[in-house]
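The values are calculated or read from the model by the stated rules, or taken from the named source; none is laboratory data. Since the model is a prediction, treat every value here as computed from it, not as a measurement. Here the Cβ positions follow ideal geometry from the backbone for every residue, glycine too, while neighbour counts run over all protein chains shown.
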Amino acid sequence: MAHSELLIQASNLGARVALVQEPYVGRERQVKSQKGIRVFQCADHGSGTVKVAIIVFDADLHIRQSPKLTTNNISVVEIHARVGEITLAFFYFEPNQPMDLYLAHLRRVHRQTGARNIVIGGDSNAKCSWWGSPVTDRRGEEMRGALDELGMCIVNQGEIPTFDTIRGGKRYSSYVDITAMSPDLFGLVDDWRVCDNLTSSDNNGISFLISSKFVNTSHINQTTRKYYTKEANWAQFNEKLSLVYSRENFTKDKIENLKTGPELDETVTSLNKYIAEACTESITLIKRKDVVSMPWWNEELAALKREVATKRRSIRCAAPVRREFVVGEYLEAREKYKSEL
């Protein structure tokens, strides 16, 4: 899928993180970054073409890349939340390359990150009944064995194929994209589904949520700056804090007479709370301005995109006698959309 169209699709879904395989890379052989997103990918310009990238839309989400574990085919990052960390290992396994080196790298990722909470996902180019394929091949057996060894749980469900395209008037589909998670995360996954409206891609998208029970909504900010102090009402700020100090008896003597660690912790927590309340009432909050936008995108393109998605879905439901006609309608609509895009 074109890089810019992917950003639109992910933004429309409200995604905070997108895991992208075989992205558009251009002459630089890497995904180009732009305002409103952060891109995590292999940084070694001399090692070939990037096949996977992790794109982050949420500016407040604190993420650290593992450069020594990231290659053109496997990207690894850690998401930091107040209650813990989640490791993401996203991959694309070349269909004409043996599985053993790829799987050895996944084992290395699991071992070196020491991850208790890990998400492993991507295009394995391997077929196995465990993730929905009607058949199991040798690559599928190897992949399943490695996931079993790592104690991973398969999240895939449903009957929509993850790869679905029309070539030469014939439909080709398969189930080769996998989402697997460690047991602690497995119970927190919600709404895993295949999205079959990515009209410029042969692969369908996959979306899922991880419950906020784990990833706390109070994200760790990349910066401590939260307020626009040039527009502060300092008189109101001082008045609010003075009232709090008086009511709670916050004095120098009281602070100096604290005897235990828990007493100090409780006092600091209370002070932070009251200072934050005073700031919120008297100082303007900083608003994030870095949002993903495509100035060339318009309602006409959006309508064409919806039409292609509708005609593509209709192929699965078409009676055999109408199948050739429905496929022709879909291909015509897709070519028109691509031309306009």
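Determine the pairs where a residue that is hydroxyl-bearing (Ser, Thr, Tyr), located within region 135-151, has a partner that is part of a helix (DSSP H, G or I) with Cβ atoms under 9 Å apart, the partner being 6 or more residues away or on another chain. Matching pairs, first to second residue: Thr136/Ser129; Thr136/Trp130; Thr136/Arg144.
What about Leu209, is it of a type outside the set (Gly, Ala, Ser), modelled with pLDDT of 75 or more and in a strand (DSSP E or B)? The answer is yes for Leu209. Quick check, is Asn238 assigned to a loop (DSSP other than H, G, I, E, B), at pLDDT 80 or above and either exposed (fewer than 14 other Cβ atoms within 10 Å of the Cβ) or not β-branched (Val, Ile, Thr) (or both)? For Asn238, the condition - assigned to a loop (DSSP other than H, G, I, E, B), at pLDDT 80 or above and either exposed (fewer than 14 other Cβ atoms within 10 Å of the Cβ) or not β-branched (Val, Ile, Thr) (or both) - is not met.
Taking Tyr92, is it assigned by TED's automatic domain parsing to the domain that holds Leu185, in contact with a Phe, Trp or Tyr (Cβ under 7 Å, 6 or more places away or on another chain) and hydroxyl-bearing (Ser, Thr, Tyr)? Here the answer is no, as Tyr92 does not meet what is asked.
Of the residues Thr179, Thr199, the single one that is modelled with pLDDT under 90 and of a type in the set (S, T, N, Q) is Thr199.
Return yes or no: is Ser270 modelled with pLDDT under 75, within 37 Å of the chain's Cα centre (by Cα) and of a type outside the set (A, V, I, L, M)? Judged against the criteria, Ser270 is not a match. In region 111-138, the qualifying residues are those that are assigned to a helix (DSSP H, G or I) and either among the small types (Gly, Ala, Ser) or buried (at least 20 other Cβ atoms within 10 Å of the Cβ) (or both), and the one that is nearest to the chain's Cα centre (by Cα) is Trp131.
One line per residue, one yes/no per condition, for (1) at pLDDT below 75; (2) among the hydroxyl-bearing types (Ser, Thr, Tyr); (3) surrounded by 11 or more Cβ atoms within 10 Å (Cβ to Cβ):
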site	(1), (2), (3)
Tyr274	no, yes, yes
Thr284	no, yes, yes
Arg288	yes, no, no
Glu307	no, no, yes
